[in-house]
There are 2 protein chains.
Amino acid sequence: MSLNKYCQSSSSSSSSSSIRDKKVFSKLKLGLTGDYPKKNAELLSAQYGINLLLVGVALMLAIARHDSFVKEKDLLSFTTGLMIVQLLWMLWYIVMRHSQRKKQTQRDVTATTCWIRGGLTLLAVLSLIMDTLKIGYFVSFRSCLSAVFVVYPVIHAIHTVAQVHFVWFYIKDVIKSFETFGRFGVIHAVFTNLLLWCSSVMSETEHFMSNHMRRIFALEFENITEGEPEVPCNCTTTTCSLLSQSFTYLFPFNIEYHIFVSALLFVMWKNIGRTIDMSSNRKSLVTKTQGLTLGPILGLLALVSTIGILVVYITRLEGSLEVRQSAISMFYIYGIIMLLVMVSACASGLLIYRVKHMPFDASKNPSRQLDTELLFGFSLGSWLMSWCSIVSVFSNPSDPPHRWTNLIYSLLIILEKYVQNLFIIESLYRQQENVQRTDPELPAAPEVFSVTLSPPSLNGIINQAYESPDGGRSSVENEQEDNGQVYRCQRKQSDVRLPVEEPLNMKRLVLKNIAILLLLCNISLWILPAFGCRPQYDNGLEEETFGFSVWATVVNFAIPLNLFYRFHSVGSLFEVFRRV
Amino acid sequence: MSLNKYCQSSSSSSSSSSIRDKKVFSKLKLGLTGDYPKKNAELLSAQYGINLLLVGVALMLAIARHDSFVKEKDLLSFTTGLMIVQLLWMLWYIVMRHSQRKKQTQRDVTATTCWIRGGLTLLAVLSLIMDTLKIGYFVSFRSCLSAVFVVYPVIHAIHTVAQVHFVWFYIKDVIKSFETFGRFGVIHAVFTNLLLWCSSVMSETEHFMSNHMRRIFALEFENITEGEPEVPCNCTTTTCSLLSQSFTYLFPFNIEYHIFVSALLFVMWKNIGRTIDMSSNRKSLVTKTQGLTLGPILGLLALVSTIGILVVYITRLEGSLEVRQSAISMFYIYGIIMLLVMVSACASGLLIYRVKHMPFDASKNPSRQLDTELLFGFSLGSWLMSWCSIVSVFSNPSDPPHRWTNLIYSLLIILEKYVQNLFIIESLYRQQENVQRTDPELPAAPEVFSVTLSPPSLNGIINQAYESPDGGRSSVENEQEDNGQVYRCQRKQSDVRLPVEEPLNMKRLVLKNIAILLLLCNISLWILPAFGCRPQYDNGLEEETFGFSVWATVVNFAIPLNLFYRFHSVGSLFEVFRRV
């Protein structure tokens, strides 16, 4: 009916329709060139990014089949292409920032800290060494391999250097001009790094599985060289096996490097177009170390014993069946002790929080929000693996070795991640205590706290570009910002609102010790699987229940997630250590 | 150092330490019994829920292996246990609500609408029929099967009835008392339903795969009965094969029922402890249907032809190789036409939005937020599947049949989901037009709109319990709320702020037609895979590239996600239809 009405009116007033058409087209032009609504622009770019990743995953699935039409060089060409596009975008961004240097750029100071960027640089350096070794290795086979195998590590090395530079100088920027193009560029970078992570995980898994298979058939075929990638011709230099053995040890660092960068870039993407709350105060964190004894001592003990266990496990695994079984028993007992210590530490931390009621800091902080989601999401892998172990333990009618140690170990793994996530997230969301208080035993009712506290003091968001370089006054004049000088550490600016120094009270001291202990324990639990200590393959129990292919899929899915979980919780625990 | 100081002081003042200990314990008690911080309570319950699901997934993975120690009855016992716990919790909640009927209960009116609950009830009825058929079927085998096989459908039927009752009367509640217990109960319900979804998907996949295998070997073994579950003894009644064939047709509805309920319950979980914005207005939506011609006609045409295609496809698939190939060709051509229409419709909708600039509605609405995430997340499955197809098309050195139609179809699938997500989400986030405006061609510059608009008029959140039953005045007196009367449809309350009736303008009319066309097309694209039309298995191209096991895994992962995507977009498009 209404459509008919419209048709009639449009036919009767055909003279005015052309004017109306022009109006509509000019409005359309405005709509297309003007700012795209934020929610939609985010979705537009997120969908682009996820599809990039899926293309890569499809290629990887095709490569996984050995006689496939898709070869590794296709995947390498694709990722090389993505890295080149990212390099071009970063170049454009840097040039654009320099041309707009007179304009104030908002920055989100919570996006990353100096020590995170330092750690990232270290990982990047190790990745660069890996690239160099790879170049050397593939150059030896240049006569029979596609040029892509040499081009890839070269581009990867350039990409690594450029990206670390970008992270140091621009990652905190809140992009406000060319928002849509910026969104696409940043999400492209996020998913390129995620794809590089997936591809590194695949290489590492392949390497591990070939080692595992070699060990299984060790008695029959003793002359297989360890972990050397399959190449169709002979090495032209003498260093091939040395090179290939060396670069496989650097895989874990390269893997963590990529996922770490993509998390940082994701926060940058979430910040695009955001309006930073200018009124909130920032309190700089001063890392105090007095009174730290028990935590570091226990933690270092754990770390040292972990390295011992790793060496013993790896060497014993090459031995006879009895020696292998004893290595696995040793691992489980060690794991149970470690996890018990960690669970007790987290539980004590949570109990202290229950005694000391504090209001939560609900300010917007994409970085912290992401931390929470990553901790939760990346726990899934090892929870699934543990539940599979528990199902195997209860369903197996025979009495295999390590049955009950495996059960206790798996239950503790679930419990440990459960309470550790609670502890870390509660620590990150609690408002910081006002350190001027002197009596540590003052009644701690919530009302008292929320009244005596100064307005939420760790909102953490400030516009660094609006600060004058001496850090004292907040000047909003048109400051000539030098990019080279922007990445000042938070510590340097601590004179803005230096908290009054006061001795740590007992509860905070205990919390600090707990955080440092957990940090070192998480490093230990990262080292073990990262360097090949994976009893899930060696104990045979789950393989019997699920079959080799299903169980290998579960473990190969769970272990990369678990590795990143440990790595990420180390970062979060350091943050906790500085906050409490 | 500080620790030493504390030790000294505590040993010197041992008399005061016991008093202090008591203080600490009383504070601890307060902390444990008092309100747990919201962020942490959410995490606590979410972690519990996800672990429930993972136990189920571990059991399913074990069952997937045919000679496994874990049997189907173990999984059924586990899910039955979970359903009983959920029933007990719902009972407790209902009793608690009745005992507190004098207290006002806040409700989130955006949480669900009448027609969603109506649709859900329909699905539940079909699930109940399935349960009845299952009971009949398994009773026939009672002599040789575990009692669990009969207990499970009985409990499932009770669970379905109780849950539908819960959804009708309590799903909109914003729980404010016993928050932590409430969180655990609701999340338990969410993950119980998700687990039931996974388990139904597994049964359906098994059924489909056995049919598929039967077809492949049809020439050799002609006497296998269709889709009958494997049982260790003979049927005691004559209706067995009829019963088993009937209930497999109801699988798709049961699958959608469970995931739908879990989405609704998830919104309830997100609402727990939330403070609803009382000041915001609500404009009730009146579904206008005048001027709808092209959209419904084209949509119905699509729906009818879909059913034709389904019947032809399924029957032709049983035929010779040439007949099968022609069926597959027919499917792809039909799919390409459908998708082209849908892409054009979405693109037109987005262009209209670009012409007609409107501010976005940024009010908090967990239900809408979830809609966005579900649409995006559930697209992943079919995007991955399409990219795998594209990789196969390009990598295959021979020239298999359907190569180029498959390529175009896959590209269109990606594009269609891309633009449809953009269209739906932009539609849901745009603020509604102020319908009092009469001239549809008034200059539509954004500034004019944001000024002429009354304060954001579809915030959509209101406290129904604070309204008096006659719907006119907003009375905050202690109203005796009758649970039986709470589930008034929004339509009934439309007299609160009835918008002035006005003819639909042209753009809104086009949008309404687009929405209804897309809705019917999405129903069509749900019907095809739900009832067994899956050319991804039949064309053979991807299987050649990826190998059967990898490709079957990808398809079995992607299709359930895609089915839910279609189902969910039907719901969202109906919402769009009412809003525009």
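The values are calculated or read from the model by the stated rules, or taken from the named source; none is laboratory data. Remember, it's a predicted structure, so these values are computed and weren't measured experimentally. Ideal geometry is used to build each Cβ from the backbone, glycine not excepted, and the neighbour counts take in all protein chains shown.
Is it the case that the range B:229-251 has a residue that's at pLDDT 80 or above, aliphatic (A, V, I, L, M), crowded, with 21+ Cβ neighbours inside 10 Å and assigned to a loop (DSSP other than H, G, I, E, B)?
Scanning the range B:229-251 turns up no residue that is at pLDDT 80 or above, aliphatic (A, V, I, L, M), crowded, with 21+ Cβ neighbours inside 10 Å and assigned to a loop (DSSP other than H, G, I, E, B).
Could you tell me whether A:I337 is under 24 Å from the mean Cα position of the chain (by Cα) and either under 19 Å from A:I413 (Cα atoms) or of a type outside the set (D, E) (or both)?
Taking the combined requirement at face value, the residue does not satisfy it.
Please state which of the following conditions A:K176 fails to meet, knowing it meets all the rest: (1) in a loop (DSSP other than H, G, I, E, B); (2) under 22 Å from A:V55 (Cα atoms).
Going through the list (1) in a loop (DSSP other than H, G, I, E, B); (2) under 22 Å from A:V55 (Cα atoms), A:K176 breaks only (2).
Name the residues in the range B:330-377 that are under 30 Å from B:T275 (Cα atoms) and touching a Pro at 6+ places or on another chain (Cβ under 9 Å), would you?
Correct list: B:M358, B:P359, B:F360, B:D361, B:A362, B:S363.
Would you say A:M60 is at pLDDT 90 or above and within 14 Å of chain B (Cβ to nearest Cβ)?
yes
Can you spot a residue in the range B:86-98 that is hydrophobic (A, V, I, L, M, F, W, C), under 21 Å from B:Q163 (Cα atoms), within 13 Å of chain A (Cβ to nearest Cβ) and within 23 Å of the chain's Cα centre (by Cα)?
No, the range B:86-98 has no match at all.
In the range B:44-57, what count of residues is obtained for those that are within 21 Å of A:S549 (Cβ to Cβ) and more than 7 Å from chain A (Cβ to nearest Cβ)?
Residues meeting the conditions: 1.
Just for helices (runs of 4 or more DSSP H) wholly inside the range A:530-580: which have at least 3 residues that are more than 25 Å from the chain's Cα centre (by Cα)?
A:541-546, A:548-579
Across the range A:342-378, what is the total count of residues that are more than 10 Å from chain B (Cβ to nearest Cβ) and assigned to a helix (DSSP H, G or I)?
Residues flagged as more than 10 Å from chain B (Cβ to nearest Cβ) and assigned to a helix (DSSP H, G or I) within the range A:342-378 amount to 17.
Filter the range A:102-138 for residues that are free of Cβ contacts under 8 Å to residues at least 40 places away in the same chain and within 18 Å of A:L242 (Cβ to Cβ); which is nearest to the chain's Cα centre (by Cα)?
Per the stated criteria, the residue is A:D131.
How many residues, within the range A:507-563, are farther than 20 Å from A:P296 by Cβ, surrounded by 19 or more Cβ atoms within 10 Å (Cβ to Cβ) and β-branched (V, I, T)?
4
Name, by its number, the condition in (1) surrounded by fewer than 18 Cβ atoms within 10 Å (Cβ to Cβ); (2) not in a loop (DSSP other than H, G, I, E, B) that does not hold for A:A189.
(1)
Give the range A:379-401 a look and list any residue that's in a loop (DSSP other than H, G, I, E, B) and either touching a Leu at 6+ places or on another chain (Cβ under 6 Å) or buried (at least 21 other Cβ atoms within 10 Å of the Cβ) (or both), or say none.
Residue satisfying the conditions is A:P400 alone.
Would you mind telling me which numbered condition in (1) under 30 Å from A:L250 (Cβ atoms); (2) among the hydrophobic types (A, V, I, L, M, F, W, C); (3) at pLDDT 85 or above A:I514 fails?
Failing condition for A:I514: (1).
Name the one entry in A:I414, A:I424, A:I390 that is in contact with a helix residue (DSSP H, G or I) (Cβ under 6 Å, 6 or more places away or on another chain), facing chain B (nearest Cβ under 8 Å), closer than 20 Å to A:L517 by Cα and not acidic (D, E).
Being in contact with a helix residue (DSSP H, G or I) (Cβ under 6 Å, 6 or more places away or on another chain), facing chain B (nearest Cβ under 8 Å), closer than 20 Å to A:L517 by Cα and not acidic (D, E) holds for just one of A:I414, A:I424, A:I390, which is A:I414.
Here is a check on your reading of the model: is B:L196 surrounded by 20 or more Cβ atoms within 10 Å (Cβ to Cβ), modelled with pLDDT of 90 or more and not small (G, A, S)?
Yes: the conditions hold for B:L196.
Can you say whether B:I50 is of a type in the set (V, I, T), modelled with pLDDT of 90 or more and farther than 30 Å from A:E543 by Cβ, as far as the supplied structure shows?
no
Could you please find all residues in the range A:63-81 being more than 7 Å from chain B (Cβ to nearest Cβ) and assigned to a helix (DSSP H, G or I)?
Hits for the range A:63-81 are A:I63, A:E72, A:K73, A:D74, A:L75, A:L76, A:S77, A:F78, A:T79, A:T80, A:G81.
If the Cβ limit is 8 Å and pairs must be 6+ apart or interchain, which residue in the range A:345-360 that is under 15 Å from A:Q431 (Cα atoms) pairs with which residue that is loosely packed, with under 15 Cβ neighbours inside 10 Å and among the hydroxyl-bearing types (S, T, Y)?
A:P359/A:S450
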